[in-house]
Structures are given as structure tokens and as C-alpha cells.
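The values are calculated or read from the model by the stated rules, or taken from the named source; none is laboratory data. No experiment lies behind these values; they were computed from the predicted model shown. Every residue, glycine as well, gets a Cβ built from its backbone with ideal geometry; the counts of neighbours run over all protein chains shown. The protein model used for the area step is the full one, side chains on, heavy atoms only, and it has no ligands, DNA or RNA in it. Shrake-Rupley method; radii C 1.70, N 1.55, O 1.52, S 1.80 Å.
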Amino acid sequence: MSSPQVIPPEEQLTEAKRQLGFPGIVVICGSMRFMAEMAEAELRETIARPGKIVFKPVGEEKSPYGLLSDPVKGEALKVRLDDLHRWRILLADEVLVVGDYIGDSTRGEIAYARSLDKPVRFTHPEVDPDA
């Protein structure tokens, strides 16, 4: 008698998305200094890939709403937003990194995406930490 095959949760998620006919998901990553470029990339990806869901990071370091201005509340919110972005990467079919600079947070997101075998594209391929 053979033992049952154990399917990792990430593969189960991919299969469930396939069975549901779920649209592809592109997640945009990059430094907050590139928020304008990420917004443009979000629109460009949405237009170029009809039927795809495109996410970019939420928030800015200099929020016009002052949500990040309080150091304690701002740091807690940043942690929550970073966690949510990692969940987006888990759900994603691919990641697009925007900008000509890769900081520690973005480097971690790239490593996480690659650990999940997600394809990672770059608007500036020369900044790929694994190139």
C-alpha cells in the first residue's frame, strides 16, 4: 500500500485558484519613494493584462492622512501593512518590482516571492539582487 501524497499548502492554493478559474494576480513591490511609479505600473499592468488582478503596496511614509505620523501607531500600522503585503505575495502568480533602488524591505519581499517559486520581474533588471 502506498502512502498518500502530501501536497504543500501553497500548491493546494494554486490548484484551488485554478479550479475556481481565478484570475491571475500581479503584486507590485518597491520602495515607498516610488509610489507614483507603482501607481503608474498598477494601471499599466491592469491595461496590458486584462482579467488580471493587480495590487500595489498600501500607504506612504508621508501619508497625507497622518496615519503614519504618530511614531507608535505609525510603526504598528506599518507592520500590519507589511504583513498584508506578504499575504498578497503568497496569493500572487507573479511579482513586479518597481524602481531603480532595492531596500531591505523590498529585498525581503523578493526573497519571499522566490522562496515560493513566484516569477519576479523588474522595471530595472539591473537592481535584481540575484542577477
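Structure notes:
- For the chain, lysine pairs with C-alpha atoms less than 30 angstrom apart, excluding pairs fewer than eight positions apart on the same chain, total 13.
- The chain, relative contact order [Cα under 8 Å, separation at least 6], %: 28 percent
- At an R0 of 35 angstrom, the distance between the Cβ atoms of Glu40 and Ile7 translates into a FRET efficiency of 0.35.
- Between the listed residues Leu81, Leu20, Ala111, the Cα displaced farthest toward the positive end of the dipole of the chain, a dipole computed from Cβ unit charges relative to the Cα centre, is found at Leu20.
- Cα-projected label distance for Lys17 with Val72, points at 7 Å along beta-carbon direction, nm: 3.9 nm
- Packing rank of 116-123, 95-102, where each peptide gets the mean count of other beta carbons within 10 Å, highest leading: 95-102, 116-123
- The portion of the accessible surface of the chain made up by carbon and sulfur, rounded to a whole percent, is 57 (1.4 Å probe; DNA, RNA and ligands excluded).
- Residues whose amide H comes within less than 5 Å of that of Arg121, counting only those at least five positions distant or on another chain, are Val95, Leu96, Val97 (H built at 1.01 Å from N in the peptide plane).
- For Ile25, the residues 5 or more places off, or on other chains, whose built amide H falls under 5 Å of its own are Ile53, Asp93, Glu94.
- Average accessible surface area per residue within the chain, 1.4 Å rolling probe, Å²: 66 Å²
- The residues packed around Asp83, meaning those with a beta-carbon under 14 Å from its beta-carbon, carry a net charge of +1 if Lys and Arg are +1 and Asp and Glu are -1.
- Matching label, Rg and Dmax of the Cα atoms in Å computed from the structure shown, candidates (i) 14.7, 47; (ii) 15.1, 43; (iii) 16.6, 63: (iii)
- Assuming charge only on the beta carbon of Lys and Arg (+1) and of Asp and Glu (-1), the dipole of the chain about its Cα centre is about 360 debye to the nearest 20.
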